[in-house]
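The values are calculated or read from the model by the stated rules, or taken from the named source; none is laboratory data. This is a predicted model, so every value here is computed, not measured. Ideal geometry is used to build each Cβ from the backbone, glycine not excepted, and the neighbour counts take in all protein chains shown. SASA here: full protein model, heavy atoms, side chains in, ligands and nucleic acids out. Shrake-Rupley method; radii C 1.70, N 1.55, O 1.52, S 1.80 Å.
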Amino acid sequence: MSTIAIFGSYVLSRKDGAQDVLRDHWVLVEGKRIAAVTRDKPRADQVYDRPGRFILPGLLNLHNHCFSEAVARSHTEDGNGRRNNQSIVYTVLLPLTKRGADLLSPEERLAVARLGILQLLKGGATTVMEPFRNSIPEMFDAAEEMGIRFYGAPYLFSTSDAKAGPDGVVRYAGDDGAADLATWDALYQRWNRRGEGRIGLAMSPHATDTCGPDLLRACAARARELGVSITTHLAQSRAEVETIGTRYGGRTPAEYLDWLGLLAPDLLAAHCIASTDNDLKLMAARGATVLNCPRVFARAGVTAAFSRFAGHGVRTVVGTDGYNMDLLGELNAASLISKTSSQRADVANSPELIESITATAADTIKRPDLGRIAPGATADLTVVDLTHPHLQPLFDARRALVALANRANIDQVVVDGRVLIDAGRYVHGDEAAITSQGAAAIGKIWDLPEAQAAFNG
């Protein structure tokens with residue numbers, strides 16, 4: 001059994017159920033497990049003795065979109081592509097990912113997937129929950145190949161062809177629910193527990209306005225039969241709220257899911273920015289989780305404040321939605337947006353935000369072996385280099401991590417006791433080749449006439 005010893009000037013441990021920052025300790029990994037956290041330097045096959053490092057439990061990113069955000073990147077900032085100031089979900093993301101999945105070859109889709117996984121790892125994530133179109137199964141191949149812990153969430157739609165017209169109104173077509181559930185089942189049979197157990201699935205009905213009652217009930221029943229998480233988009237735009245209210249007797253999206261029996265501890269609901277205070281109280285009472293991705297909304301001038309959700313007692317974790325895939329940068333945004341919107345400096349504090357992508361996130365997906373550094377825990381680690389000038393002088397490692405650090409400070413990423421990132425670089429592949437091949441594939445989508453119309457319309 002191989003062993004690894006990593007020195008941390010700071011180690012995020014736990015004491016009496018709360019975070020405890022240890023100074024000048026070693027973390028010893030044996031095989032896929034953490035064997036010890038000790039002051040004394042242990043013997044090991046691989047020794048990483050680099051002072052100034054902060055060893056964290058492997059960071060969990062429970063909401064990300066490698067493919068769709070790559071399509072949007074550097075096109076949709078500054079309000080571009082937003083017809084009548086509407087969400088880009090229906091003007092850009094859904095139509096172009098549908099077209100792109102059909103256009104690209106399997107190898108080109110794999111190239112885009114590899115580029116996304118590379119960004120996630122270099123952004124410090126050891127675990128990701130990734131919703132994507134079920135016509136891009138290469139996401140699973142890339143995850144298995146590159147070593148990340150991966151919860152694939154292939155979409156299910158009642159209507160997979162939702163588009164915003166020139167007037168900004170979203171129109172829905174098709175009926176894909178039964179076929180999508182059959183596809184999900186086939187992917188589950190093929191991929192669940194692959195990659196030595198690193199690969200799993202989550203049930204992912206796309207959103208309340210693209211999934212009808214029959215599909216949502218069927219998704220929940222199947223997910224609970226298998227014991228997998230359910231993840232969806234909830235109240236991510238005013239238009240969605242209006243659509244659900246019109247269709248279902250004035251219900252809000254949260255009330256719609258509660259009516260169908262989905263608002264429960266196994267539900268991970270992304271965004272929730274158009275939720276009312278009563279919606280959030282209902283979510284808290286039902287034990288559901290909000291997946292807060294503040295930066296992707298900030299670029300559109302919309303506030304998605306971690307402190308609002310957490311302040312209503314809703315379990316809240318931070319994800320990237322694919323936008324930059326920098327978890328440390330996302331924590332910084334969550335902190336600043338919360339403080340600005342509430343006009344309070346003490347909300348969304350550093351320990352709370354770090355907990356949201358470590359222990360809280362792990363508990364959300366029922367993995368108490370993740371999100372913690374302790375003997376017996378799974379050896380997923382994220383190591384941050386705090387020696388950079390913008391992090392010095394240093395008094396409080398957790399505050400520095402949230403207020404000042406970013407993806408450039410990620411030094412090592414370890415998954416299942418295997419070093420994937422070292423000295424900031426992916427050690428099992430050619431970063432330049434992965435990047436150029438993925439970018440070239442996305443370029444083919446950008447060249448489409450409908451892409452030009454979407455971006456410039």
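Would you work out if segment 219-354 is rounded, prolate or oblate? Take a ≥ b ≥ c from the square roots of the eigenvalues of the alpha-carbon gyration tensor; rounded if a/c is under 1.5, else prolate when a/b is larger than b/c, oblate otherwise. The shape class here is prolate. Between E196 and T276, the distance separating the two model label sites (each 7 Å from Cα on the Cα→Cβ line) works out to 5.1 nm.
Taking other residues whose beta carbon is less than 9 angstrom from the beta carbon of L60, and scoring Lys, Arg as +1 and Asp, Glu as -1, yields +1.
What does the charge count around R222 come to, taking other residues whose C-beta lies under 14 Å from its C-beta (Lys +1, Arg +1, Asp -1, Glu -1)?
Around R222, the surrounding residues sum to -3.
Annotation for D20 and D40: the two label points, set 7 Å from Cα along the Cα-Cβ direction, are 1.9 nm apart. Each peptide in 202-212, 326-336, 182-192 was scored by the mean count of other Cβ atoms within 10 Å over its residues; highest first, the order is 202-212, 326-336, 182-192. Taking a ≥ b ≥ c as the square roots of the Cα gyration tensor eigenvalues, with a/c under 1.5 meaning rounded and otherwise prolate when a/b beats b/c, else oblate, which class fits segment 239-307? Note, shape of segment 239-307 comes out oblate. Please label the shape of segment 346-457 as rounded, prolate or oblate, based on the square roots a ≥ b ≥ c of the eigenvalues of the alpha-carbon gyration tensor (a/c under 1.5 means rounded; beyond that, a/b larger than b/c means prolate, else oblate). Prolate is the answer for segment 346-457, as a/c is 1.5 or above and a/b outweighs b/c. What the chain shows is 37 Å² of accessible area per residue, with the surface traced by a 1.4 Å probe over protein heavy atoms. Positive contributions from Lys and Arg (+1) and negative ones from Asp and Glu (-1), summed over other residues with Cβ under 13 Å from the Cβ of I244, come out at -3.
When only Cα pairs below 8 angstrom with a gap of at least 6 residues are kept, the chain shows a relative contact order of 20 percent. Per residue, the chain reaches -11000 deg cm²/dmol at 222 nm when only DSSP H runs of four or more residues are counted, each adding -39500 (n - 2.57). Residue ranges 29-36, 3-10 sort as 3-10, 29-36 when ordered by packing (mean number of other C-beta atoms within 10 Å per residue, highest first). Based on C-alpha pairs under 8 angstrom that are at least 6 apart in sequence, segment 44-107 has a relative contact order of 27 percent.
Among the helices of the chain, those built from whole DSSP H runs whose Cα atoms reach 18 Å or more along their own axis and whose mean Kyte-Doolittle hydropathy is at least -1.0 are 106-122, 177-191, 213-226, 327-342, 431-446. Here segment 58-112 is assigned +1 on the Cβ of each Lys and Arg and -1 on the Cβ of each Asp and Glu. Its dipole about the Cα centre then comes out at about 200 debye. The relative contact order of segment 230-283, computed from alpha carbon pairs under 8 Å that lie at least 6 residues apart in sequence, is 49 percent.
In the structure shown, do any of K15/K339; K32/K98; K41/K366; K98/K122 have a Cα-Cα gap over 31 Å, and if so which?
Result: K32/K98; K41/K366 exceed 31 Å.
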